[in-house]
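The values are calculated or read from the model by the stated rules, or taken from the named source; none is laboratory data. Please read all numbers here as calculations on a predicted model, not as lab measurements. When we count neighbours, we look across all protein chains shown, and the Cβ atoms used for this are built from the backbone with ideal geometry, even at glycine. Quick note on the areas: whole protein, heavy atoms, side chains included, nothing else; ligands and nucleic acids left out. Shrake-Rupley method; radii C 1.70, N 1.55, O 1.52, S 1.80 Å.
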Amino acid sequence: MTQATVVDTHPLDTILRADRMPHIFCPGCSIGIVMRCYAQAVLESGIPLQQHVVVSGIGCTGRVAGYMDLDSYHTTHGRAIPFATGMKLANPNLMVTVFSGDGDLSAIGGNHLIHAARRNVDVKVICVNNFNYGMTGGQCGPTTPLGAVATTAPYGNPEQPFNLPYLLAAAGAGYVSRWTSLHVRQLKQDILHSFVRPGFAFIEVLSACPVGFGKSNNIPDGLEEMQLYRERCVLARGVPLENLSIDLRENRPIYVGNFIDRDLPAYKPVTRVG
Amino acid sequence: MHGDEACAEGAIAAGCRFFGGYPITPSTEIAERFAQRMPELGGVFIQMEDELGSIAAVLGASAAGARAMTATSGPGLSLMLENLGLGVMLELPCVIVDIQRGSPSTGLPTMAGQSDVMQARWGSHGDYSIIAYAPWSPQEVFDLTVLCFNMADRYRTPVLLLGDEVIGHMVERVVIPPVEEIPHWERKHPGVPPPATGVYRSFEPDPEDLIPPLPHAGEGYRVHFTGLTHDERGYPDMSADTHHALVTRLNAKIQSHAEEIIRLEEYFMDDARLVVVSFGCTARSARRAVREARAQGIPVGLLRLVSLWPFPEAVVRELGQRMDAFIVAEMNLGQVRLEVERCIGRPAWGVHHAGGEMIHPEKILTAIIAAAKNVGAPGSRKASSAGGVQISG
Ligand SMILES: Cc1ncc(C[n+]2csc(CCOP(=O)(O)OP(=O)(O)O)c2C)c(N)n1
Ligand code: SF4
Ligand SMILES: [Mg+2]
């Protein structure tokens, strides 16, 4: 039998708060993977760590701010984007990333999300989409597929979900992509790319929440969901945005990739000389 | 200059360079003035998508080191209350201006009210203390806006300016002193550089005043700020003891400095036997009524609450020992009267109106005369149980 070896150091020691471990994430949860991609991108960005700020809302994903050894702000449910907006405008030298969940960003914070996209304010948004409200125990939300079972939709969700890339594109976002927690290289590259291009960026990361979403929808194991991503994910080349909706329970392609990358003037406060 | 413009100018004089807001009558002119003035001063004006976003942006700007504010009216303040609580918990200085109108709900958008007094005090969930001032003239709007920023930075907390439509839209002379005469209290900043290893304790209070110095984003302190109950490092700590200690300190840092925060003005109080308590635009009517009552030989004075919160309990309690009667005049149905009665331990006379028009001095005078005649009867110090009389304004 192989023995686990305890190592003294970890490559991400410089950027994670070791004194806050163990984290709260359940076994099989994807959030840690996405956090690692972000951490790696921050380290490779060449931007001094001191300039990076991470802002989260509330939810399991929202806890990420508390694990990053950066200036980190864990705000209120849905308000990470406007908080980040104020911060970026007050100090434009900061590289401000919003790291939050699908419910936080697109339900209670949905208004801020579309307006930040429209304004093209220079914050980078990483949205962990696990198709439910994980933290509060698996309720349905605006990304839960029609018919999927959730604790507040015991007979199946009666509502149509958002297709987030389509929504963000319509709101005017200059940069929109989608990966899954399986696509760690692409995801890290994409985050890195968002750092160098000015303006708003929205990166959706499809993620396993075996506890909140998986177990009630026949994907009870995080690994099984990763397997499913491996089998079904397709790079979307020329696929119309309106066809990007997802239902993990259906055997059809899950489109990933960068959908929008257009040069738009990033929001700047108005200046005038005297 | 009218009150709303004086507010923006006071903020600018105080060094405020960030305004995030959402238009709402009767506060909109504040945003408009900022929209005009920020570009030439290198500051930020941003019109947010709603008041939830406005206050969040203001807190973010504050965390990045800016003196930041927003302005609204009752309906907008209601939306801001959630993140007002976040500001209290994260101990982020900022100024929230509420130019009150007739309420509840949409109420009287273009007409005055003073009925957000309790919302300002208790609106967000949880036990917390707040600082609030209530100007009675455009000049005082200017001066108190400066004071709000100084208090916010001094106590590391959100501060409210509770104006009203009458004062917001009133045009009077406003003297703007030269920059060097504007008081400026610095935000307390960590006196030490960021630690090479380990964690900077962003919430370790200075034992002298209970207020922790505030490191800003981008300065290298690698802070963590959370609305969850947290320890001195800012790390979440779900323990009842930590929670109790934190919430107690957040209150104590304000309550223990009440004397430094409170601002009161007294008129004709030296030999007074009766006192009118009022604030904001209504205090203007009250002053007139007191003058007229004096002309009739009634020994009445005026206590003007320049600050509303923390409530001047000690002063009112002491007056309760000496005064024969209290008359509270306010454009709401008795919010400050409730506080006064709590302090004096007996009923006060109330002159109230739900809002929409200023309370006429005549109404207050009538109450003063009635109270003077009834000394020893219901509502007076010598009577013990009977209720105070309310006169609707
Ligand atoms: C104003 C407010 N409403 C409701 C809640 C309860 N709440 C906490 S997290 C959450 C949902 C989070 O879902 P999501 O953003 O998808 O994050 P996840 O936990 O799935 O990562 C809710 C409803 C709250 N904290 N604040
Ligand atoms: S509830 Fe879901 S999202 Fe939250 S930690 Fe567990 S697996 Fe992850
Ligand atoms: Mg979720």
Return yes when A:VAL53 is more than 16 Å from ligand 1 (Cβ to nearest atom), at negative phi and at pLDDT 95 or above and no when it is not. yes
Within the stretch B:17-29, of all residues that are open to solvent by less than 10 Å² (accessible area, probe 1.4 Å) and more than 11 Å from every other protein chain (Cβ to nearest Cβ), the one farthest from B:ARG187 (Cα to Cα) is B:PRO26
Counting only residues that are charged (D, E, K, R) and either at the interface with chain B (Cβ under 7 Å from one of its Cβ atoms) or open to solvent by less than 10 Å² (accessible area, probe 1.4 Å) (or both), the stretch A:83-92 contains a total of 0
**Asked** Does A:ILE47 satisfy the condition of being touching a residue at least 60 places away in the same chain (Cβ under 8 Å), open to solvent by 30 Å² or more (accessible area, probe 1.4 Å), within 26 Å of B:THR197 (Cα to Cα) and among the β-branched types (Val, Ile, Thr)?
**Response** yes
Counting only residues that are outside any helix (DSSP H, G or I) and among the polar types (S, T, N, Q), the stretch B:298-331 contains a total of 1
Considering the stretch A:99-113, residues that are of a type in the set (S, T, N, Q) and more than 8 Å from ligand 1 (Cβ to nearest atom), and then whichever is surrounded by the most Cβ atoms within 10 Å (Cβ to Cβ), we arrive at A:SER106
In the set A:GLU159, A:GLU224, the lone residue that is touching a Pro at 6+ places or on another chain (Cβ under 9 Å), open to solvent by 30 Å² or more (accessible area, probe 1.4 Å), of a type outside the set (A, V, I, L, M) and within 15 Å of ligand 2 (Cβ to nearest atom) is A:GLU224
With the first residue restricted to the stretch A:207-219 and required to be among the polar types (S, T, N, Q), and the second required to be modelled with pLDDT of 95 or more and near ligand 1 (Cβ under 10 Å from one of its atoms), Cβ contacts under 6 Å at 6 or more apart or on different chains are A:SER207/A:SER30; A:SER207/A:VAL128; A:SER207/A:ASN130
Of (1) in a strand (DSSP E or B); (2) farther than 29 Å from B:TYR22 by Cα, A:GLN160 fails just (1)
Residues of the stretch A:59-79 being within 15 Å of ligand 3 (Cβ to nearest atom) and either facing chain B (nearest Cβ under 8 Å) or on the phi > 0 side of the Ramachandran plot (or both), in sequence order, are A:GLY59, A:GLY78
> In this structure, does B:GLY198 turn out to be open to solvent by less than 70 Å² (accessible area, probe 1.4 Å) and within 14 Å of chain A (Cβ to nearest Cβ)?
Replying inline: yes
Listed by first then second residue, the pairs whose first member lies in the stretch A:186-206 and is closer than 13 Å to A:GLY46 by Cα, whose partner is open to solvent by 10 Å² or more (accessible area, probe 1.4 Å), with beta carbons under 8 Å and at least 6 positions apart or on separate chains, are A:LEU192/A:GLU44; A:LEU192/A:SER45; A:PHE195/A:SER45; A:PHE195/A:ILE47; A:PHE195/A:MET95
Considering residues that are near ligand 3 (Cβ under 10 Å from one of its atoms), more than 14 Å from every other protein chain (Cβ to nearest Cβ) and surrounded by fewer than 24 Cβ atoms within 10 Å (Cβ to Cβ), the number found within the stretch A:114-141 is 2
Report yes if some residue within the stretch A:228-248 is within 16 Å of ligand 1 (Cβ to nearest atom) and either over 28 Å from B:ILE46 (Cβ atoms) or assigned to a loop (DSSP other than H, G, I, E, B) (or both); otherwise report no. yes
Selection from the stretch B:107-137 of residues closer than 23 Å to B:GLU357 by Cβ and either outside the structural domain of B:ASN150 (by TED's automatic domain parsing) or not small (Gly, Ala, Ser) (or both) yields B:LEU108, B:PRO109, B:THR110, B:MET111, B:GLN114, B:ASP116, B:VAL117, B:MET118, B:GLN119, B:PRO135, B:TRP136
Filter the stretch A:227-244 for residues that are touching a residue at least 40 places away in the same chain (Cβ under 8 Å) and open to solvent by 50 Å² or more (accessible area, probe 1.4 Å); the one that is farthest from the other protein chains (Cβ to nearest Cβ) is A:ARG230
Filtering the stretch B:137-173 down to residues that are in a loop (DSSP other than H, G, I, E, B) and either closer than 21 Å to B:THR28 by Cβ or of a type in the set (Ser, Thr, Tyr) (or both) yields B:SER137, B:THR157, B:MET170, B:GLU172
Check your understanding: For the stretch A:163-178, does any single residue satisfy the condition of being within 16 Å of ligand 2 (Cβ to nearest atom) and in a loop (DSSP other than H, G, I, E, B)?
Key -> no
Exactly one of B:GLU32, B:GLU49, B:GLU40, B:GLU9 is among the acidic types (Asp, Glu), within 21 Å of the chain's Cα centre (by Cα) and either within 10 Å of another protein chain (Cβ to nearest Cβ) or open to solvent by 10 Å² or more (accessible area, probe 1.4 Å) (or both), and that one is B:GLU9
Picking from A:PRO269, A:PRO265, the residue that is in a loop (DSSP other than H, G, I, E, B), within 14 Å of chain B (Cβ to nearest Cβ) and more than 27 Å from A:THR136 (Cα to Cα) would be A:PRO269
Worksheet item: Out of all the residues in the stretch A:175-194, is one or more aliphatic (A, V, I, L, M) and within 16 Å of ligand 3 (Cβ to nearest atom)?
Response: no
Self-check item: Filter result for A:MET95 (touching a Ser or Thr at 6+ places or on another chain (Cβ under 9 Å), within 10 Å of chain B (Cβ to nearest Cβ) and either open to solvent by 10 Å² or more (accessible area, probe 1.4 Å) or within 16 Å of ligand 2 (Cβ to nearest atom) (or both))
Solution: yes
Among (1) within 9 Å of chain B (Cβ to nearest Cβ); (2) within 16 Å of ligand 2 (Cβ to nearest atom); (3) among the small types (Gly, Ala, Ser), A:SER106 falls short only on (1)
Heads up, the helices (runs of 4 or more DSSP H) in the stretch B:14-101 (entirely inside) with at least 3 residues that are in contact with a Gly (Cβ under 7 Å, 6 or more places away or on another chain), at pLDDT 95 or above and within 26 Å of B:ILE182 (Cα to Cα) are B:51-63
